[in-house]
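The values are calculated or read from the model by the stated rules, or taken from the named source; none is laboratory data. Keep in mind that this is a model prediction, so the values were computed, not measured. Note: ideal-geometry Cβ built from the backbone for every residue, glycine included; neighbour counts use all protein chains shown. SASA here: full protein model, heavy atoms, side chains in, ligands and nucleic acids out. Shrake-Rupley method; radii C 1.70, N 1.55, O 1.52, S 1.80 Å.
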Amino acid sequence: MVLTLQLIGGFILFAALAQAVSGLVTQFSYARTSRQMANRRLALFEKRADILIKRAEIDRERTELTWSGKRKFRIAERRIANEAGDICSFYLTPHDGGALPPFLPGQFLTFELNIPDRPTPVVRCYSLSDSPAVRDHYRVSIKRLGPPPKADPGTPGGLVSNFFHLSLKEGDVVDVMAPAGGFHLDIHSERAVALIAGGVGLTPVLSMLKWLADHDSHRETWFFYAARNREDIALLDEIREITDNRSHFHLVIVFSDPTAECVEGKDYNVAGFLTADVLKHYLGNSNYEFYICGPPPMMASITKQLEEWGVPEEDIRFEAFGPASVKKVQKTEPAAAEGGATANVEFARSGKTAAWDGTASNLLELADALGVRINSGCRAGNCGTCATALKQGKVSYVTKPSSKPAQGTALVCIACPDGDVVLDV
């Protein structure tokens, strides 16, 4: 009996001790888990704080190191970027040896070039194609354009692209304006992103891809690259180096006209044209920020299909260079006056006046037709080169400018008169 009571008492004591030990273990485990979670939250906070500090430093440098007007740059290196040999990367270093301001991924440079047999300098814009983290040079990658399809024999190719390819050499100096442009990656967003490139439209979205990689971004990133075939595709090694080494970065190559040498699954993923159906297949849903740059027909098609898919307009961002790529704003035209004219346009310093009847697409085209010279670059409301003082009247825009023009000025490459206007040119 006594032995039985002793055994029962021992069991109770053991159970009590076991429960106490279990409670201590649970408390210790909870404390350790809590400490680990706190450490992870602290590490995440420190990382985000570091990112914010770096971004603030970049913003400060962008403001302090930028320049007004033209700055001379030396072509330090030329490098062919594709098998066809018609895309060349130009590496530019400041002729004055000074520091370079950082740029936003997707922005462009504006060049003012003195081309032989041209009475005035020619202005063109080209997107920066390298990482904004590279601070000792800028890079633009330019495709040499041939004559338009079905052009008459003897029709020349692209004036400026051929000048870059055929005339400019390493060591030559060119005039460049500071990086600019409203088409750039939202570097403060944490949302998934789809970068869409067609042909040499690769350049601004490649810069975006490099920024995401350089900053160890955790954003789900898809890079869609459309080209005719393997000969046309450019800078592929740089793209694959990023997408092959990060699990949340993905590359999809689309060839519209693959040659016999192009191997599906190795050189490309999809044969045909890049459409919303291709995007749906890989993305699965439309909850992405879309950045698009490519030939005007491709951009017009993709943006329309994305809208039909239900993607909000603010999530569809695209680069426009040249009037063919301008996405028109729906607006009601003013009623035509007698004779078809809706307004009178006066070019004050040139002493010329014309009736606006809608024949010209914008005020810059009207000026060209009258022989009134206005400097221009992108002809799509991006670069700001054509900004002209508006002495009287108002204008409306056929597409939204990439950035708001200064008070009292008009971007005449995308502006139409809203009644009578007087331009200071």
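Annotations
- A simple spin-label model places pseudo-atoms 7 Å from Cα toward Cβ; at ALA260 and ARG373 they are separated by 5.3 nm.
- Beta bridges by DSSP in region 338-425, antiparallel share as percent, to the nearest 5: 80 percent
- For region 57-106, carbon and sulfur atoms together expose 49% of the accessible surface, with a 1.4 angstrom probe and every protein chain in place.
- Computed E for ASN287/GLN19 - FRET, C-beta separation, R0 51 angstrom, nearest 0.05: 0.55
- Here the sum of -39500 (n - 2.57) over DSSP H runs of 4 or more residues, divided by the residues of the chain, equals -10000 deg cm²/dmol at 222 nm, to the nearest 500.
- Normalised per residue, the volume of the convex hull around the Cα set of region 95-175 (Å³): 118 Å³
- Using C-alpha pairs under 8 Å with a sequence gap of at least 6, the mean separation divided by the residue count of region 68-170 gives a relative contact order of 26 percent.
- The convex hull defined by the C-alpha atoms of region 126-230 has an orientation-averaged projected area of 9.2 nm².
- Protein heavy-atom accessible surface, 1.4 Å probe, per residue over region 135-208: 42 Å².
- For region 352-425, accessible area per residue (1.4 Å probe, heavy atoms of protein chains only), Å²: 45 Å²
- Tail fraction, Cα-Cα pairs, region 248-316, threshold 18 Å, whole percent: 42 percent
- Under the combined filter of DSSP loop state and at most 11 neighbouring Cβ atoms within 10 Å, region 162-238 retains these trypsin sites (Lys or Arg not before Pro): LYS169, ARG191.
- Take every DSSP beta bridge whose two residues both sit in the chain; close to 60 percent of them are antiparallel.
- Residue order by solvent-accessible surface for LYS72, LYS143 is LYS72, LYS143, largest first, with ligands and nucleic acids left out and a 1.4 Å probe.
- Semi-axes of the equivalent ellipsoid for the chain, Cα gyration tensor, largest first, Å: 55, 26, 24
- Element breakdown for region 263-308 at a 1.4 angstrom probe: carbon and sulfur atoms account for 52% of the accessible area.
- For region 89-247, the relative contact order is 26 percent, taking Cα pairs closer than 8 Å that sit 6 or more residues apart in sequence and dividing their mean separation by the residue count.
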